[in-house]
Amino acid sequence: MNKEFKIIPINLLNEYTSKLNPHVFEKFNQLEDSDLSIEIFSFYTSVSAVFSSKIEGENIDLDSFIKYKRFGNEYLPDYTQKIDDLYEAYIFAMKNIINEKNLNLTHSLITKHILKKTQQGKFRTNNMFVVTKDGKIEYVATAPEKVKEEMRKFYSDLKILLVQELTFGEVLYYAAMIHLVFVKIHPFNDGNGRMARLIEKWFIAQKLGEKAWYVQSEKNYYDLHQTYYQNIRKLGLDYEELDFEQSLSFLLMLPNAINKINSNF
């Protein structure tokens, strides 16, 4: 594969594609929008926003958000604001190409009610640690002075991938790997997980079209959120020592989500 990549690992690609369910492409092509969607409301965007937010600990259920967004039910702003912001970020992504400028704008939308305005769409300048509930450090992200350089590599690889001819399996591999690399860099003060899951789907949509937005990847990650985090942690404790050879189980979660298209809520 392309030797110009600066940060996206390619060494697991062959093993990954060999493990794909042979029917996953057929399943993807069967994806359709919901009858609940109308011009001003997207059902699967609600699914994405709600479950991506629930992964981050937001206390909201899909039924309530649909009643709010689709039918105009009123709730306290604290209950819907952050999910509504993420919903609007997905809508923005659907209408725009994926690039550095638009990713920063997307982060500003996502963190409208999370971060101060001076931190929205801006790389962090402080150390970043992922801490367990009992106060133990489980991951040390990229050092702040290296964030810009790591993201420069990220954007360089993304630009190459967007113009490169890829098979269906390669699209899924790179989408999930982009998700993983982004969340490991952890470039922002907050919103990194929400961003990574959106970028994954945005990349697929750029390569394969609008059916990507109907993939219930965020719901699958939430349903299996303990496994989701375990698979992310497998790579190691420190950014400088990450072992992407351990990422296969994480990468395969995306096609598994597509294989569940007939599952019910």
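The values are calculated or read from the model by the stated rules, or taken from the named source; none is laboratory data. This structure is a prediction, so every number in the text was calculated from the model and none was measured. Methodologically, a virtual Cβ is constructed for each residue, glycine included, from the backbone with ideal geometry; neighbour enumeration extends over all protein chains shown.
Numerical summary
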quantity	calculated
Every pair of residues 6+ apart whose Cβ atoms lie under 8 Å, when the first sits in the stretch 158-186 and is at positive phi while the second is assigned to a loop (DSSP other than H, G, I, E, B)	H186/R124; H186/M128; H186/A141; H186/T142
Hey, S42 modelled with pLDDT of 95 or more, within 30 Å of V147 (Cα to Cα) and among the hydroxyl-bearing types (S, T, Y) or not	no
Complete set of residues in the stretch 235-257 that are outside any helix (DSSP H, G or I) and either surrounded by 15 or more Cβ atoms within 10 Å (Cβ to Cβ) or among the aromatic types (F, W, Y) (or both)	L235, G236, L242, S247, L252
Hits in the stretch 17-48 (condition: outside any loop (DSSP other than H, G, I, E, B) and within 19 Å of the chain's Cα centre (by Cα))	F28, F43, Y44, T45, S46, V47, S48
Members of the stretch 25-48 that are buried (at least 17 other Cβ atoms within 10 Å of the Cβ) and β-branched (V, I, T)	T45, V47
Enumeration of residues in the stretch 97-117 that are surrounded by 15 or more Cβ atoms within 10 Å (Cβ to Cβ) and without any contact (Cβ under 8 Å) to a residue 12 or more places away in the chain	N102
Evaluation of V131 against (1) among the β-branched types (V, I, T); (2) modelled with pLDDT of 95 or more; (3) within 25 Å of L242 (Cα to Cα) (one fails), failing number	(2)
Count of the stretch 126-167 residues which are hydrophobic (A, V, I, L, M, F, W, C) and closer than 17 Å to W202 by Cβ	8
Flag if F188 is of a type in the set (F, W, Y), over 22 Å from E32 (Cβ atoms), under 16 Å from the mean Cα position of the chain (by Cα) and part of a helix (DSSP H, G or I)	no
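Every residue, every condition in (1) charged (D, E, K, R); (2) farther than 30 Å from Q119 by Cβ, yes or no:
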residue	(1), (2)
M195	no, no
Q206	no, no
A212	no, no
Q216	no, yes
K219	yes, no
L224	no, yes
E240	yes, no
S249	no, yes
M253	no, no
